[in-house]
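Worksheet for the structure shown next.
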Amino acid sequence: MSNEQQLRDAWDAFADNLKTMGHDALASAPNDVERVDGLRFVLRQLAYREEQFLEFPSGHTPELFFAESPTRKVFADCPDTIYHQFSVARGGRYRITGTRGESPYISFTAYRAAVTDRVVADLHDGEIEIAADGTFTLDVGGPAASADWLDLGDDAAFVIIREYTHDRANGVRATFAVEQLSPELEHRPELDAERMTGVLAFLGLGLSWVNDATVKLSAQLRERPNVMNEAGAELVSEMAGTPHNHYQLCYVQLEPHQALELELDPPACRYWSVHLNNWWLESPEYRDGQSVCINDAQAHRAPDGTVKILVGPDDPGTGNWLDTKGRTETILLARYLLPERELPPIVTNIVNI
């Protein structure tokens, strides 16, 4: 019997869902520029989920792919971070090998395919053995080991490797490779109608959840503009953050010729940064060197170590400036990796430029 009707029905249901998501994105955006970004956001998420569920699924040879990138963004991606991901199967055992590089931080986090309580286990480079030549080996899943082992529990669905850089373009970056140790794998089966039908249904669910969670957070932040808000553990879990990071968020709302001034007293830590995001919690375009992120290696500091950052569309001419490219509304995210002391509050002030 032909599978045409089965596939036609699955495609129609997916296409109807995609149409609704596009309309919802247009309706929920606060202004014209965010409406344009909203449709791109839906398309970017579609590309990511298609790869995750169709091209690189669990149960087959594990392959690293970019969960987030300069053109694929979600949940306040950091412009300084390279994100690798691979899918894992229940009962699978894997091995990650690589070189440490010179970036300030790398980590390995196993996640459940859940809405909350997503982190199964997490390790950073300070918790694994790095050889004198910079190489490392990390076993993933299987029986517990006393060192260099990442637990998958009984329900992990994927692993994300994060590399935070101070200079994404020119720094000495880490390298990673992954292999499956068990069970032994055979050639991937041919794609069939059952799998395609299931993937199309799952794509719709995944896209809807990401869109709803993003808009919910942005709308909440907009109710309290121009002040920093701590990101609680539940939010970090929901948005697949790393437990080593401390996050603060701010919805910026400006009048013409205004800027938001941030006053920071950053503690010693592996890495910190402040960067811009749109309504969809995507970092702005940065591939051509735009000033959308300032990190601890780039910031101009006062003699006492404090930092002032101006956020707005008008170039102040000096100091630390995050360029909103004409936008008077944006979202800020500050993150501190493994801070060595309690985080002092970030003071915000509206200033005229």
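The values are calculated or read from the model by the stated rules, or taken from the named source; none is laboratory data. Predicted model, so just to flag it, every value in this text is computed and none were measured. Here the Cβ positions follow ideal geometry from the backbone for every residue, glycine too, while neighbour counts run over all protein chains shown. Accessible surface areas use protein heavy atoms only, side chains included; no ligands, DNA or RNA. Shrake-Rupley method; radii C 1.70, N 1.55, O 1.52, S 1.80 Å.
Some observations on this one:
- Any hit, region 25-46, residues being in contact (Cβ under 8 Å) with a residue 24 or more places away in the chain and among the β-branched types (Val, Ile, Thr): yes
For (1) under 25 Å from ARG287 (Cα atoms); (2) in contact with a strand residue (DSSP E or B) (Cβ under 6 Å, 6 or more places away or on another chain), each residue gets a yes or a no:
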{"position": "ASP16", "(1), (2)": "no, no"}
{"position": "ASP37", "(1), (2)": "yes, no"}
{"position": "GLY59", "(1), (2)": "no, no"}
{"position": "SER69", "(1), (2)": "yes, no"}
{"position": "ASP80", "(1), (2)": "yes, yes"}
{"position": "SER87", "(1), (2)": "no, yes"}
{"position": "TYR94", "(1), (2)": "no, yes"}
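- Matching residues in region 251-268 - criterion: being of a type in the set (A, V, I, L, M, F, W, C) and more than 25 Å from the chain's Cα centre (by Cα): LEU254, ALA259
- LEU332 vs. criteria of a type in the set (A, V, I, L, M), surrounded by fewer than 20 Cβ atoms within 10 Å (Cβ to Cβ) and touching a residue at least 12 places away in the same chain (Cβ under 8 Å): no
- Counted residues, region 77-115 - those being at pLDDT 95 or above and either among the β-branched types (Val, Ile, Thr) or under 10 Å from the mean Cα position of the chain (by Cα) (or both): 12
- Here the condition is being surrounded by 15 or more Cβ atoms within 10 Å (Cβ to Cβ) and either farther than 30 Å from ASP125 by Cβ or without any contact (Cβ under 8 Å) to a residue 40 or more places away in the chain (or both); of VAL215, VAL307, VAL210, it holds for VAL215 alone.
- Test: residue in region 47-55 that is open to solvent by less than 20 Å² (accessible area, probe 1.4 Å), at pLDDT 95 or above and not basic (Lys, Arg): no
- Identity of the residue in region 110-128, out of contact with any Leu (no Cβ under 7 Å at 6 or more places or on another chain), open to solvent by 20 Å² or more (accessible area, probe 1.4 Å) and outside any loop (DSSP other than H, G, I, E, B), that ends up nearest to PRO57 (Cα to Cα): ARG112
Quick grid of which residues meet (1) touching a residue at least 40 places away in the same chain (Cβ under 8 Å); (2) among the hydrophobic types (A, V, I, L, M, F, W, C); (3) over 21 Å from HIS244 (Cα atoms); (4) open to solvent by 20 Å² or more (accessible area, probe 1.4 Å):
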| residue | (1), (2), (3), (4) |
| --- | --- |
| ASP288 | no, no, yes, yes |
| VAL292 | yes, yes, yes, no |
| LYS325 | yes, no, yes, yes |
| VAL347 | yes, yes, yes, yes |
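- Where GLY59 falls short, out of the listed (1) open to solvent by less than 50 Å² (accessible area, probe 1.4 Å); (2) at pLDDT 95 or above: (2)
- Among (1) free of Cβ contacts under 8 Å to residues at least 60 places away in the same chain; (2) closer than 27 Å to HIS246 by Cα; (3) aliphatic (A, V, I, L, M) - the single one LEU64 does not satisfy: (1)
- Among the residues of region 337-345, not a single one is basic (Lys, Arg), within 27 Å of THR242 (Cβ to Cβ), open to solvent by less than 10 Å² (accessible area, probe 1.4 Å) and in contact (Cβ under 8 Å) with a residue 24 or more places away in the chain.
- Verdict on THR61 being within 26 Å of LEU181 (Cα to Cα), of a type in the set (Val, Ile, Thr) and more than 15 Å from the chain's Cα centre (by Cα): yes
- Residue that is surrounded by the fewest Cβ atoms within 10 Å (Cβ to Cβ), among those in region 249-271 that are outside any loop (DSSP other than H, G, I, E, B) and in contact with a Leu (Cβ under 7 Å, 6 or more places away or on another chain): GLU261
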